[in-house]
Amino acid sequence: MSHSGKEIKSEDRKVNKLSVQLKGYWGLGALGLSSVSYTINTQFTYFLVEYLGLSAVIAGSIYAVSRLYDAVTDPVVGALSDATQSRWGRRRPWILLSAFLIPMACWMLFHPPDLSPTFLTAYMAFGILFFYTGYTVYYVPHLAMAAEMTDSYQERTSLMAYNMFFASAAGFVGTSVTAWLIVFFGNDREAYGQMSIPMGILSFICLFLCFRGTASARNMDVPITKKEITFKEWWKL
């Protein structure tokens with residue numbers, strides 16, 4: 001009897017075992033997201049002040065509001081992701097959407113049009129909010145996937161280790177590589193726009209591969225009673 005129990009436990013571990021390839025594709029998304037995130041964290045405020053001529057107070061205010069916005073949108077995207085029903089599951093469609101939003105935001109932020117100070121401030125504020133929309137659209141569903149892909153604590157820990165590896169690599173890309181690209185392209189306002197192109201391409205490739213490469217991941221879709229989410233319910237989130 002005890003022998004049979006051991007066999008069941010062993011079989012459960014086999015079922016919950018994730019392939020190295022699946023873990024790699026899932027973790028690769030962190031490189032796509034964080035490479036742009038690190039770039040914005042290290043370059044955005046400086047770019048606003050030194051090359052666009054906005055005051056440090058305005059630049060800081062734009063960034064502060066964007067962080068508040070990011071916190072507010074987390075539960076909203078979480079609820080929408082939970083309610084999503086598609087042939088790609090609940091989480092992966094959001095990762096695919098982020099593969100377009102994040103590179104677009106990177107281009108918008110570092111390649112702004114020539115505008116008056118007032119309209120430029122509004123444009124840059126919209127751009128950073130657009131980025132954090134893409135950030136949340138990726139981050140919340142992606143994190144939820146880790147709990148749904150396996151019941152094994154060890155496998156979830158391994159998944160997060162892969163994620164941390166790619167996030168660490170993104171730190172190097174979003175700081176050192178970004179700085180090198182800016183200097184390489186001329187170290188002026190136009191250089192920032194040119195830098196955003198390879199960074200956006202890298203982000204798209206990584207996020208798209210994260211979407212495609214996790215097609216075999218276990219989905220824990222649960223029957224959901226179709227219901228319209230009212231504005232009042234959204235506000236409660």
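A short reminder: the numbers here are calculations on the coordinates, not readings from a lab. Note that the structure is a prediction, hence the values are computed from the model and not measured. Note: ideal-geometry Cβ built from the backbone for every residue, glycine included; neighbour counts use all protein chains shown.
Based on Cβ point charges of +1 for Lys and Arg and -1 for Asp and Glu, what charge dipole magnitude is obtained for the chain about its Cα centre, in debye rounded to the nearest 20?
800 debye
May I ask you to compute the full-extension gain from Ile205 to Ala161, defined as 0.36 nm times their residue separation minus their alpha-carbon distance, rounded to one decimal in nm?
13.7 nm
Once both axes come from the Cα atoms, what is the angle between helix 56-83 and the longest principal axis of the chain, in degrees from 0 to 90, rounded to 10?
Approximately 30 degrees, to the nearest 10.
Put +1 on the Cβ of every Lys and Arg and -1 on every Asp and Glu Cβ in the chain; which of Tyr46, Leu28, Tyr132 then has its Cα farthest towards the positive end of the dipole?
Leu28
For helix 117-149, what angle does its Cα long axis make with the longest principal axis of the chain, in degrees from 0 to 90 and rounded to 10?
10 degrees
Which loop-located trypsin sites (Lys or Arg not before Pro) does segment 43-142 contain, where loop means any DSSP state but H, G, I, E or B and the Cβ has at most 16 other Cβ atoms within 10 Å?
Sparse-neighbourhood loop trypsin sites (Lys or Arg not before Pro): Arg87.
From the convex hull of the Cα coordinates of segment 20-215, what is the mean projected area in square nanometres?
The orientation-averaged projected area of the Cα hull of segment 20-215 comes to 10.9 nm².
How big is the gap, in Å, between the Cα center of segment 173-195 and the Cα center of segment 46-86?
22 Å
For every helix of n ≥ 4 consecutive DSSP H residues, a contribution of -39,500 (n - 2.57) applies; sum these over the chain, divide by its total residues, and give [θ] at 222 nm rounded to the nearest 500 deg cm²/dmol.
Mean residue ellipticity, 222 nm, calculated: -27000 deg cm²/dmol.
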